[in-house]
1. Within region 129-216, considering only strands (runs of 3 or more DSSP E) that don't extend past its boundaries, which have at least 1 residues that are of a type in the set (D, E, K, R)?
2. Scan region 558-569 and give yes if some residue there is outside the structural domain of Ala255 (by TED's automatic domain parsing) and without any contact (Cβ under 8 Å) to a residue 12 or more places away in the chain, otherwise no.
3. Could you say whether any residue in region 94-105 is surrounded by fewer than 24 Cβ atoms within 10 Å (Cβ to Cβ) and assigned to a strand (DSSP E or B)?
4. Scanning region 330-346 for residues that are within 16 Å of the ligand (Cβ to nearest atom) and surrounded by 24 or more Cβ atoms within 10 Å (Cβ to Cβ), which turns out nearest to Leu413 (Cα to Cα)?
5. Looking only at region 107-137, how many residues end up being closer than 11 Å to Ala90 by Cα and charged (D, E, K, R)?
6. From Thr445, Thr400, Thr408, Thr368, which residue is more than 14 Å from the ligand (Cβ to nearest atom), closer than 23 Å to Ser587 by Cβ and under 22 Å from the mean Cα position of the chain (by Cα)?
7. Could you tell me whether region 347-364 includes any residue that is surrounded by fewer than 21 Cβ atoms within 10 Å (Cβ to Cβ), acidic (Asp, Glu) and within 14 Å of the ligand (Cβ to nearest atom)?
8. Out of curiosity, is Ile387 hydrophobic (A, V, I, L, M, F, W, C), under 30 Å from Val598 (Cβ atoms) and over 13 Å from the mean Cα position of the chain (by Cα)?
Amino acid sequence: MCGIVGYVGPRGSEAVLLGGLGRLEYRGYDSAGIAVLSNGLEARKRSGKLQELRDELVANPIHDGHTGIGHTRWATHGAPNDINAHPHLADDGKLALIHNGIIENYAELKAELLEQGTVFTSETDSEVAAHLVGRAFRETHNLTDALRVVVNRLEGAFTLLVLHADEPDVVVGARRNSPLVIGLGEGENFLGSDVAAFIEFTDKALAIGQDQIVTITRDNVAVIDFDGNSVTPEPFTVTWDASAATKGGWRSFMAKEISEEPAAVANTIIGRIKGERVDIDGIDAESLVSVDRIVILACGTAAYAGLVGKYAIEKWARVPVDVELSHEFRYREPVISDHTLIVSVSQSGETMDTLMAVKYAREIGARTLSICNTQGATIPRESDAVIYTHAGPEVAVASTKAFVAQVTALYLLGIAIGQANGKGDPAELAAAVRDLEATPTLLETVLQQGERIATMAKWMADTQAILLLGRHVGFPIALEGALKLKELSYIHAEGFAAGELKHGPIALIEPGQVVFVIVPSPRDPNSLHAKVVSNIQEIRARGARVIAIAEQGDAAVLPHADEVIPIPLASSFIEPLLAVVPLHLFSMELAAAKGLDVDQPRNLAKSVTVE
Ligand code: M6R
């Protein structure tokens, strides 16, 4: 939530900031603004998408300089209008501040400032921080010191960037439970919510820890903690380049990212399979032997990946797995032991609910492993170990390729534990490894149905509600499909376990109701195929319009479905990876048919960095 970029260097800062904000816009797109130091400080901000700010800068140009900060907002406190947009100015317009997060004690701080006569122009919590830093600067005459004074008074989560006209060529940032990374250039330095902010200029980055403050100038980067002690930040090199964060000729980021699902799986297994064994970089097999329970913590799509992973890990490693929404885990008293492995799953690595749940789990003695797609992100840094999914940057707000990469990483983990603890059937584990290696090619086959799925979506552009049924690993796929439909096409969509149908949801079936059914293979070892085909008959008898996602050549489904989307023959644990692709494609195409913005759906932001 909220994208942040800062720059000091020889380039014109307006272009650097707008370029960075363009790549960060997926984080929030309610409003955007920049502040630049040239002869004094100038700021422009506008509600709406970044293009509104670009238009404003054409209509009302800024005197460009070489130091600046920029922000794209997902509103928390105060409506998404021009006034509440960032930057917020203080100290007679000489100081500008941008903020990501929520300052929980802002009301009491605001009351204090009001009593001292401070005039507020916005309804935001962020403006409080701007005035506090302005006041501290008047005493300290040093922007780093001023920010340090203030962050020690703030409660909640924040990334703050500030600049001041009396201290040119300096940007100071601070973070607590909210993301901030440093980009290192030659004679220039950058700050960003994530590396996309500066990837056009440098792939060299430094990760800033919790409760740290960074001061950048053209030639220097200095990091201290909130007590003022010097800190050495951790360097890393970004493994993708700027072209990965562009549409590359595709009509939307989402279309591009769905097309990258085969590569997301391939890149996540690459280097982690040695013969028939799984060997995950940084995870030693010994440490997996003693794991007697796994709790997967995640939100949204990542939690559905976790649910798919549960079925596979329990089968392959014979270790019980619970999947819990991070925000629920944290506010109860979960029973865990030092043999419990907490596995967090997060594309961004910044989801506040998951971050807080991981921290809590560590506090109460669990071992933590992060499955994450973003280098330098907070959750992996707060965890004992990490398995990076190598899906590449995911820019579209709704998650697609990250999902298949997360499931792949969980499968690798399940196989690795099964091979380490000796509880899995070796032949079955070896087969699972081979199946995973074959998956990218199968996914390519599914993608070939894109045009047909687009045509189906066009016919259905007026559909108001869609139900989805799945069983076993098809159940989380029904949930994921429903979430994608809600997010992208704004229709009511609900996923159910097919076995639940007669326990209630069948009451929703009326003539014309569209139901997607994820059908297990007729070769399914649990014989679930026949049960799901019976479910199809039950809903069809009540007038439902059935779209089955079924194995190619499944003759039993054909007579009972209005449409069949075939997926190639695969083992039961590879089926969900294949079945989700038509649902991703359909959700995108339905949104497109309705004329909606598939990359930036309303009200959403990609990284949910507030609770
Ligand atoms: O970055 P994370 O994977 O932690 O994000 C978790 C959810 O917020 C995310 O999957 C969300 O549900 C997406 N909008 C799904 O498309």
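The values are calculated or read from the model by the stated rules, or taken from the named source; none is laboratory data. All figures in this text were calculated on a predicted structure; none of them were measured in a lab. Cβ atoms come from the backbone with ideal geometry, glycine included; neighbour counts cover every protein chain shown.
1. Values: elements: 156-164, 171-176, 181-184, 189-192, 204-207, 212-216.
Strands (runs of 3 or more DSSP E) meeting the threshold: 171-176, 204-207.
2. Taking region 558-569 and keeping what is outside the structural domain of Ala255 (by TED's automatic domain parsing), we get 558-569.
Next, only the ones that are without any contact (Cβ under 8 Å) to a residue 12 or more places away in the chain stay: 558-559.
Yes, some residue in region 558-569 is outside the structural domain of Ala255 (by TED's automatic domain parsing) and without any contact (Cβ under 8 Å) to a residue 12 or more places away in the chain.
3. At the first step, the residues of region 94-105 found to be surrounded by fewer than 24 Cβ atoms within 10 Å (Cβ to Cβ) are 94, 102, 104-105.
Among the residues that remain, those that are also assigned to a strand (DSSP E or B) are: 102.
Yes, region 94-105 contains at least one residue that is surrounded by fewer than 24 Cβ atoms within 10 Å (Cβ to Cβ) and assigned to a strand (DSSP E or B).
4. Within region 330-346, the subset within 16 Å of the ligand (Cβ to nearest atom) is 330, 342-346.
Subsequent filtering for residues that are surrounded by 24 or more Cβ atoms within 10 Å (Cβ to Cβ) retains 342-346.
Details: Ile342: 12, Val343: 10, Ser344: 12, Val345: 12, Ser346: 15 Å.
If we take residues in region 330-346 being within 16 Å of the ligand (Cβ to nearest atom) and surrounded by 24 or more Cβ atoms within 10 Å (Cβ to Cβ), then Val343 is nearest to Leu413 (Cα to Cα).
5. Count: 2.
6. Numbers: Thr445 fails: under 22 Å from the mean Cα position of the chain (by Cα); Thr400 fails: more than 14 Å from the ligand (Cβ to nearest atom); Thr368 fails: closer than 23 Å to Ser587 by Cβ.
The unique qualifying residue is Thr408.
7. Looking through region 347-364, none of the residues is surrounded by fewer than 21 Cβ atoms within 10 Å (Cβ to Cβ), acidic (Asp, Glu) and within 14 Å of the ligand (Cβ to nearest atom).
8. Details: hydrophobic (A, V, I, L, M, F, W, C): yes; under 30 Å from Val598 (Cβ atoms): yes; over 13 Å from the mean Cα position of the chain (by Cα): yes.
Criteria met by Ile387.
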